[in-house]
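What follows is calculated from the coordinates using simple rules that are stated; it is not laboratory data. This is a predicted model, so every value here is computed, not measured.
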Amino acid sequence: MRKTVCVTGASRGIGKAIAVEFAEHGYQVVINCVKRKEALLEAKAQIEALGVPCLAIVGDVGDPAFVKEMFAQVCETFGSVDVLVNNAGISYVGLLTDMTEEEWERIVRTNLSSVFHCSQAVISDMVQRKEGKIINISSVWGNVGASCEVAYSATKGGVNAFTRALAKELAPANIQVNAVACGFIDTEMNRHLSDEELIDLMEALPAGRAGRAKEVGAFVYALAEGHDYLTGQVISFDGGWI
Ligand code: NAP
């Protein structure tokens, strides 16, 4: 029997790397993204080439109606979800005073409400089976806050508190909930940085380089396999940065 992992926001970057890592270890995989269908289908083909089934579903995980539909489809295709990785996220760089209400609502819905919707969709079944893992991809800014990323920091701080609290609620049912708080990982999310900003950043990073999406993937997989006494943790994955 293959296990099933569901990774939100997996058309590229960290989410795709996580999905591929689980596929390499024989998991059947559910991947999702909001817009880039072509990229998602490429990821699906890459995963299927590893010899495992893959379900690719396009839609907004910030929308509760979509999330319900997505998990109904997952349930019909694969039965249950063993590991949920809440990875989908967006950033907003700019002064808080310049942020519109729509932009605020969009980032809260995408980065925080999605974690609520997707977790809620899998919990009942996990509780019945008395096993499951929920892994939230967070950020070091959720721990310490970043200037010009106030809303982003607030959503990731929310994800961190959500993780710690839900872990307590679900520990009696043998479900582990943890977060991986990434530092600077080389993905499209950071393409807006100038060469000068990148040089400054590399100097500030004790590891002397950006993290790789593949490294996050390998770590998330390791966290999902075993470690049943490890729960409620927000683990920084940042090369010693923060
Ligand atoms: P990325 O390359 O920009 O990829 C983001 C992914 O999320 C894409 O697949 C995108 O889909 C999807 N997505 C965005 N909004 C969505 C929505 N409403 N519903 C479903 N999917 C949605 O970002 P990344 O760097 O891999 O980041 C992944 C996660 O790691 C995020 O939660 C981010 O906050 C976190 N993180 C990243 C870093 C970093 O340095 N990269 C650091 C700390 C934390 P489309 O392709 O369709 O747009």
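With an 8 Å cut-off on Cα pairs and a minimum separation of 6 or more residues, tell me the relative contact order of the chain in percent. If you can, show how the numbers build up before the last one.
On the way: 471 pairs, mean separation 47.7, N = 242.
Answer for the chain is 20 percent.
If one takes the longest principal axis of the Cα atoms in the chain, at what angle in degrees, from 0 to 90 and to the nearest 10, does the Cα axis of helix 114-129 lie?
That helix lies at roughly 30 degrees to the long axis.
Could you pull out the pairs from Lys16/Lys133; Lys16/Lys168; Lys68/Lys168 whose alpha carbons sit more than 27 Å apart here?
On the way: Lys16/Lys133 18 Å; Lys16/Lys168 29 Å; Lys68/Lys168 25 Å.
Pairs exceeding 27 Å: Lys16/Lys168.
For helix 13-24, what angle does its Cα long axis make with the longest principal axis of the chain, in degrees from 0 to 90 and rounded to 10?
30 degrees
What number, rounded to the nearest 500 deg cm²/dmol, is the helix-based mean residue ellipticity at 222 nm of the chain, given -39500 (n - 2.57) per DSSP H run of at least four residues and division by all its residues?
After summing the helix terms and dividing by residue count, I get -14000 deg cm²/dmol.
Collect residues whose amide H, placed 1.01 Å from N in the peptide plane, falls under 5 Å from the amide H of Ala179; neighbours closer than 5 in sequence don't count.
Amide H to amide H, under 5 Å and 5 or more residues apart or across chains, Ala179 pairs with Asn136, Gln233, Val234, Ile235.
I need the per residue convex hull volume for the chain, using only the alpha carbons, in cubic angstrom as a whole number. The partial results should precede the final answer.
Working: hull volume 29.4 nm³, N = 242.
In the chain, the Cα convex hull volume per residue is 121 Å³.
Roughly what angle does helix 195-204 make with the longest principal axis of the chain, taking Cα atoms, 0 to 90 degrees, to the nearest 10?
Helix 195-204 sits at roughly 80 degrees to that axis.
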